[in-house]
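Following: one structure in structure tokens, then a few remarks.
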Amino acid sequence: MMIAPVDPAGEYRVLATEIDDAVRGVLSSGQFVAGAEVAAFEREFADYVDTAHVVGVGNGTDALEIALAACGVECGDSVAVPAFTFAATVEAVVRVGATPLLIDIVDSDFAIDVRALAERLAKGAKVKAVIPVHLYGHPADMEALLELRERYGLTVIEDAAQSHGARCRIAGESRRVGGLGDAACFSFYPTKNLGAAGDGGAIATSNAEIAARARLIANHGDASKYEHVLADGRNSRLDAIQAAILRIKLRRLDEWNDARRRIAGSYTANLAPAAVGLPKVRAGAESVYHQFAVRVSERDRTQAVLRELGVAAGVHYPRAIHQQPGFARFAESGESYPCAERAAAEILCLPIYPLMTDETREAVERALVQALEQG
Ligand SMILES: *Cc1c(COP(=O)(O)O)cnc(C)c1O
């Protein structure tokens, strides 16, 4: 039997009675899109991330695109993004007609290199907005980034698709990601830390105007029944069934993130003697370990041997953004992205999910040690 990298069905099994009741409630209400469940989830999730507003949308990619537009990013603007992230971060920038400015990442946390961005800004680069990605559940260096926001008037849109509940220290205070910039985008794709039973996403913001614009864009620019005040509105809404499921799972999120941290702690302790690079945590930060990403020198071979030994380890992601055919044109001449390329070459994500047993984790550790020894 193969050890899977994630276990969304296991999460359902634990909550089956509650979820079945909630889904039946939605089905018999007849209110399938938006409505009371969605409004309730938006309120509860806003409380959770500590923002005034949450707008539910169809998925995390839409959340990014709609947040960019709601923040006034438009054709011709430049938006700084990390050169190593899931494609959606960059896709959203392109979809609003803006130009992605690729910035290398930092080896230690896989997030945007804020110092490299600062250098570009100091040299006069015109940047409208920046999207820090809290990759693998570890927060980007938001304290440094918020200083740049002050100095240069940047719009900051967090890509929090992998980091529901993660924390970092800002001005001596521990803060949840998702409420740190102008807006933040979440995905509720089934394998995320807070996952629905299908697609879903949300924009969190404490700016009432951004929230109102996002809601308008996501709902055909319809200001009141059939008064369409935008020509480029669209349809991107959170389904009531997904909202009902998310409300139930939100109550478990902190407990399940704690479980991920415990598993990560055991991996870190038990794999310390092995020939792998272990993930680091910045002082004051709390990762929610969406992934437990180690670095190994012969990644593809190690992944293949692990598979033979019954462990499905993932590679998120095998190419940096500028190494993707669709995005190669955004690589600037004279620029290089060595940390992003190194991450793409070395990263291997070990199975991690809240309900993982000690036995399963130990089997992964044994298999990894064996795979490395076979090298
Ligand atoms: C999952 C993810 C997204 C996109 O979310 P979807 O709901 O799949 O559209 C965006 N950014 C990052 C970093 C992600 O991991």
Residue identified as under 19 Å from Arg43 (Cβ atoms), outside any loop (DSSP other than H, G, I, E, B) and small (Gly, Ala, Ser) among Ala223, Ala196, Ala212:
Ala212
So, restricting to helices (runs of 4 or more DSSP H) that lie completely within the range 237-332, which ones have at least 1 residues that are hydroxyl-bearing (Ser, Thr, Tyr) and buried (at least 16 other Cβ atoms within 10 Å of the Cβ)?
253-270, 299-308
Counted residues, the range 161-179 - those being open to solvent by less than 10 Å² (accessible area, probe 1.4 Å), over 19 Å from Arg213 (Cβ atoms) and not in a strand (DSSP E or B):
5
Check Ser287 against each of (1) small (Gly, Ala, Ser); (2) within 25 Å of Leu355 (Cα to Cα); (3) out of contact with any helix residue (DSSP H, G or I) (no Cβ under 6 Å at 6 or more places or on another chain) and name the one condition it does not meet.
(3)
Do we find that Thr85 is within 11 Å of the ligand (Cβ to nearest atom), of a type in the set (S, T, N, Q), in a loop (DSSP other than H, G, I, E, B) and open to solvent by less than 10 Å² (accessible area, probe 1.4 Å) in this structure?
yes
Can you find even one residue in the range 146-162 that is out of contact with any strand residue (DSSP E or B) (no Cβ under 6 Å at 6 or more places or on another chain) and within 12 Å of the ligand (Cβ to nearest atom)?
yes
Test: residue in the range 100-108 that is farther than 29 Å from Ala283 by Cα, more than 15 Å from the ligand (Cβ to nearest atom) and outside any strand (DSSP E or B)
no
Do the conditions hold for Glu346, that is, is it charged (D, E, K, R), on the phi < 0 side of the Ramachandran plot and surrounded by 14 or more Cβ atoms within 10 Å (Cβ to Cβ)?
yes
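Looking at Ala184, is it in contact with a Lys or Arg (Cβ under 9 Å, 6 or more places away or on another chain), within 16 Å of the ligand (Cβ to nearest atom) and closer than 21 Å to Glu42 by Cβ?
For Ala184, the condition - in contact with a Lys or Arg (Cβ under 9 Å, 6 or more places away or on another chain), within 16 Å of the ligand (Cβ to nearest atom) and closer than 21 Å to Glu42 by Cβ - is not met.
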Within the range 183-199, is even one residue closer than 24 Å to Ala129 by Cα and open to solvent by 20 Å² or more (accessible area, probe 1.4 Å)?
no
More than 15 Å from Phe330 (Cα to Cα) and touching a Leu at 6+ places or on another chain (Cβ under 7 Å): which single residue out of Tyr152, Tyr136 fits that description?
Tyr152
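The values are calculated or read from the model by the stated rules, or taken from the named source; none is laboratory data. Bear in mind the structure is a predicted one, so any value in this text is a computation, not a measurement. All Cβ positions, glycine included, derive from the backbone under ideal geometry; neighbour counts span all protein chains shown. Keep in mind that these areas ignore ligands, DNA and RNA; they rest on the heavy atoms of the full protein, side chains included. Shrake-Rupley method; radii C 1.70, N 1.55, O 1.52, S 1.80 Å.
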